[in-house]
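Engineer: Pasting a structure below so you can have a look.
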Amino acid sequence: MRLNPGLHVVPIGGGTVLIGSGARTVQLTDCTPAVLEVLERLAHGVPDGTELELLRRCGVKEPAVAPLLSRLSEVLVPSAEQPRPQLGHLRDLLSADEAAAWARDGSADRMLERRSGSTVQVIGLGRTGAVVAQVLAAAGIGQLLLVDPLSVTVANLGTGYRSADLGRVRAVALSRRLDPEDRSLLVWPAVGVGPAELQGDLTVAVSLGALDRSLVAAARAADHPLLPVVVRDDDVVIGPWADPARPGCPECWDLWSTRTDPAQSDRTAALASARAGWEETALSHAAGEMAAGQVLARVDAGQQAGASGHVLRLSATGQARTSTVEPNPDCGCLLAAAFS
């Protein structure tokens, strides 16, 4: 075993050592030189199952062995596998991401392989969508499929586009900005004017005003995971996922809303048609990064579904609120989840 490589080991004096600086923090007090030697050896790792032998070999007194092992069990992870040579550059580039994954989840096994082997589609490449694509590219996603037939305008500058991009199709312009020298990243722009075809392992769809229902319906029909991001006048709504494995989907939300407000469907269609939302610079950055974070969490977990019906609202004043969409009995996602 070894100490979780995502947790910093920080001596704070008086024989006290902190392992970790966040929610997983373990504090050891009255650390003797023998205990400090144990921590040093565990930082490099020892064969799994030899931890008890290590404590005794380092001279930890017998009464302290069991309590120390109990505390350390909270921050120990299996010994590292041999790193894959072909991921050397990516591992160096994303060393902080990998360490943070260890700290957050207690495991980062195959994280880099999963990211480099994933294909993510981003539909809607205004300011918010551009941030989503840039974060995913920087975080090691192997292929990006960029979809947006609109042209870059002055209002799009500030989150990835440059003045030289004005007038170019957004998908083409952004693909040229995503580190063209990095041959490990493949970027495919799509410029068709028809309805977007859902592709890749999952899709992030950014829309203005209201949810694009046609994309949600297409995702349901194809069993394709889709994360909607809706930019409104004074906030951005991220989620819930449209995914057969996640009951509590956008259609559930719509059904619940329609039950109390029969005009909800008409209002949603009108807002989406009018593209009634403003992509304010700071909020676009924050929303794009949070949406990309949800995608990466899913990819890192091996495409396993997480919490159902999760919705995140970010306001223009920097406030964040979360809520949960309960599964609606009239929505097909409950049945789909049962057979997924």
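Every number in this text was worked out from the coordinates using simple rules, so none of it is lab data. In this text, all values refer to a predicted model and were calculated from it rather than measured experimentally. Quick reminder, even Gly has a Cβ in these numbers, built from the backbone with ideal geometry, and neighbours come from all protein chains shown.
Engineer: Please determine, in degrees from 0 to 90 and to the nearest 10, the orientation of helix 250-260 with respect to the longest principal axis defined by the Cα atoms of the chain, where the helix direction is its Cα long axis.
Structural biologist: Tilt relative to the chain: about 60 degrees.
Engineer: Calculate for the chain the 222 nm mean residue ellipticity that helices alone would give, adding -39,500 (n - 2.57) per DSSP H run of length 4 or more and normalising by residue count, nearest 500 deg cm²/dmol.
Structural biologist: So the calculated ellipticity at 222 nm is -11500 deg cm²/dmol.
Engineer: Compute the long axis of helix 33-44 from its Cα atoms, compare it with the longest principal axis of the Cα atoms of the chain, and write down the angle in degrees, 0 to 90, nearest 10.
Structural biologist: Roughly 40 degrees, rounded to the nearest 10.
Engineer: Please state the relative contact order of the chain as a whole percent: Cα pairs under 8 Å, 6+ residues apart?
Structural biologist: Here the relative contact order equals 14 percent.
Engineer: Separate question: Once the cut-off is 15 Å, how many percent of the Cα-Cα pairs in region 2-77 end up in the long-distance tail?
Structural biologist: Looking at region 2-77, the distances longer than 15 Å represent 50 percent of pairs.
Engineer: Taking a quarter of the surface of the convex hull around the Cα atoms of region 225-325, what do you get in nm²?
Structural biologist: 6.6
Engineer: If every alpha-carbon in region 1-142 counts as one equal scatterer, what log10 I(q)/I(0) does Debye give at q = 0.14 1/Å?
Structural biologist: The Debye formula, applied to the Cα set alone, gives -0.74.
Engineer: Among ASP223, ASP330, ASP254, which one moves the most in a GNM of the chain with springs linking Cα atoms closer than 10 Å?
Structural biologist: Highest fluctuation of the listed residues: ASP330.
Engineer: Which of the following values of Kirkwood radius over Cα pairs in Å was calculated from the structure shown: (i) 21.0; (ii) 25.5; (iii) 22.4?
Structural biologist: The listed entry that was calculated here is (iii).
Engineer: Let me ask something additional. According to the Cα gyration tensor, what semi-axes, each the square root of 5 times an eigenvalue, does the equivalent ellipsoid of region 152-279 have, listed from largest to smallest in whole Å?
Structural biologist: One finds semi-axes of 29, 19, 12 Å for region 152-279.
Engineer: Which residue fluctuates the most in the chain, going by a Gaussian network model with Cα springs under 10 Å, if the choices are VAL46, VAL122, VAL216?
Structural biologist: VAL46
Engineer: Oh, and also: In a GNM of the chain with a 10 Å cut-off on Cα contacts, which of THR50, THR128, THR258 has the highest mean-square fluctuation?
Structural biologist: Result for the chain, Cα springs under 10 Å: THR50 fluctuates most.
Engineer: Which order do peptides 143-152, 239-248 fall in by mean Cβ count within 10 Å, highest first?
Structural biologist: Highest mean packing first, the order is 239-248, 143-152.
Engineer: What angle, in degrees between 0 and 90 and rounded to the nearest 10, separates the Cα long axis of helix 281-300 from the longest principal axis of the Cα atoms of the chain?
Structural biologist: 60
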